[in-house]
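Remarks on the structure that follows.
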Amino acid sequence: MSATVDSLPADRPSSSGELSGAVSPGAAPSSGPPVVAVVGGGQLARMMAPAAGELGIRLRVLVEDPASSAAQVVTDAPVGAAWDEAAIRSLIAPDADRAASVLTFEHEHVPNALLTDLIEHGTPVRPGPHALVQAQDKIVMRQRLTELGVPCPRWAPLPSSSPQEGQAALAAFLQEVGGEAVVKTSRGGYDGKGVRVVSSADEVAEWFAAVADGGPQLLVEEKVPFTRELAALVARRPSGEVRAWPVVESVQRDGVCSEVIAPAPGLSAELDATAREIATTVAEGLDVTGVLAVEMFEVAGPDGTPTVLVNELAMRPHNSGHWTIDGAVTSQFEQHLRAVLDLPLGATEPTAAWTVMANVLGSKLGELTDALPDVLAAFPEARVNLYGKGIRPGRKLGHVNVSGDDLDEVRRRAVAAAALLRGEAPAGLRAEPAPWVEPVETTEEEAKA
Ligand code: AIR
């Protein structure tokens, strides 16, 4: 069987007499470090690698392509598709001696029937398929959240019996909510894909046609008049421990997250606690293990006091938590590894008054690293994280974290650094030193060089 956390080796003298957790020559593989198998080779798997390295945990990542983001930094990265049963079985146990301790994911597009079978045959799968289905299917998610009493926008599943019936139900919902609503595909969408704001049922005619062809069912939600978007991030381990990070504000552009401000400015302690409680209720109610991101709308309640409605769930590290890499005691990537291995969770307190994360969405540059000389010179305090991905318009290619005491300044600099990486140079940028960075004296010769 796999090396479970229970069978982790205690420190013991190695043959050289030193204390070591390393596998001694000839030791049974089960006494080696835990191996976390991850399905998906994008940036989220890539960002697990530094945390795994620090904790001495091995990562084995199923990548779509040998050049994918995670394959560039993880040495054990077999190539295969997330829907390919043989590839996932081989990821878990390439041979009898190298069984993974646990299987986890960096996206939700995985076959649930296989996961159930793996669990029945003794492989821990975290989060489990009974939880994951709520992040894969928005209708299942809305039904369950409604049962749990979690506040959600008004919603309805759209019948898939025929395009006419579906369109009629959508027209009735539009009338009920007053003209505009959001139609979503129940499965397969992310980052603004599979989501459309409509004011007439004709605007998604081709989606209804796709449903008739066997495509995923549709649902409709009221278009919430939100004041801003928030995200509550928690981690839960199988033995029940849950930890929540401070609630953040996420700024979206064209349906894609462009910035995250941690903690959410001006959020009352009450609403921060409410949002964390909702995320904890969801994690416990859905039996989520690992990191759970709960995206929320902040809306004015009946008496004008701000309150929240749940928008989406993600059961994996999430874009709204990238700030934790540089702005919290424990990053979401380390916490996810701890949680899926059922290790004690780390502290979630912020390490700075403010951290702002700015995404690099697409770039005019041929190669992002070409901007490093400029961006690192102009923003020595910035934590730049590039994902090694091919450049496409709007694609998440990297992010920048900046922390500090002055929110306006922190935000301005994170956004400006991300702009440089997108190949857009704000005028006069290089002339501006960071206000909190001591200017370095340069000699005349150095200045000329
Ligand atoms: N991802 C997963 N769900 C949502 C997002 N953004 C991350 C994962 C996945 C990658 O984005 O890391 O592998 C896919 O990015 P792209 O740009 O290829 O679509």
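Here, each number is a calculation from the coordinates, and none is a lab measurement. Just so it is clear, the model here is predicted, and its values are computed rather than measured. Note that we place each Cβ from the backbone using ideal geometry, even for glycine, and neighbour counts take in every protein chain shown.
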Per region 261-350, sqrt(5λ) over the Cα gyration tensor eigenvalues, sorted largest first, in Å, gives 24, 16, 11
Dipole magnitude (debye, nearest 20) for the chain, charges at Cβ of Lys, Arg, Asp, Glu:
680 debye
If the convex hull of the alpha-carbon atoms of region 35-123 is projected onto planes in all directions, what is the mean projected area in square nanometres?
5.2 nm²
So what's the gap between the Cα centers of region 196-269 and region 365-410, to the nearest angstrom?
25 Å
Between Gly192, Val220, Ala209, whose Cα lies farthest towards the positive end of the dipole of region 154-222 when Lys and Arg beta carbons carry +1 and Asp and Glu beta carbons carry -1, centred on the Cα centre?
Gly192
Per residue Cα convex hull volume in Å³ - calculated over the chain:
181 Å³
Treat every Asp and Glu Cβ in region 228-421 as -1 and every Lys and Arg Cβ as +1, leave all other atoms uncharged, and give the resulting dipole magnitude about the Cα centre to the nearest 20 debye.
700 debye
Cα-based equivalent ellipsoid of region 280-333: semi-axis lengths in Å, sorted from largest, via gyration tensor:
24, 16, 9
Within the chain, which complete DSSP H helices have Cα atoms spanning at least 20 Å along the helix axis and a mean Kyte-Doolittle hydropathy of -1.0 or higher?
163-177, 269-285, 407-421
List the residues whose amide H sits under 5 Å from the amide H of Val125, counting only those 5 or more places along or on another chain, with H placed 1.01 Å from N in the peptide plane.
Leu103
What ranking do Leu103, Leu365 get, fewest neighbouring Cβ atoms within 10 angstrom at the top?
Leu365, Leu103
For the table Lys138/Lys193; Lys184/Lys223; Lys138/Lys184, the rows whose alpha-carbon distance is greater than 20 Å are none
Value of relative contact order over the chain, rounded to a whole percent, pairs C-alpha under 8 Å and six or more apart
12 percent
Cα-based Rg (one decimal) and Dmax (whole number) for region 228-421, in Å?
16.7, 52
Between the residues Phe379, Val282, Pro124, the Cα farthest towards the positive end of the dipole of the chain, that dipole coming from +1 and -1 charges on the beta-carbon of Lys, Arg, Asp and Glu, is from Pro124
Unit charges on C-beta of K, R, D, E only; dipole of region 35-123, Debye
240 debye
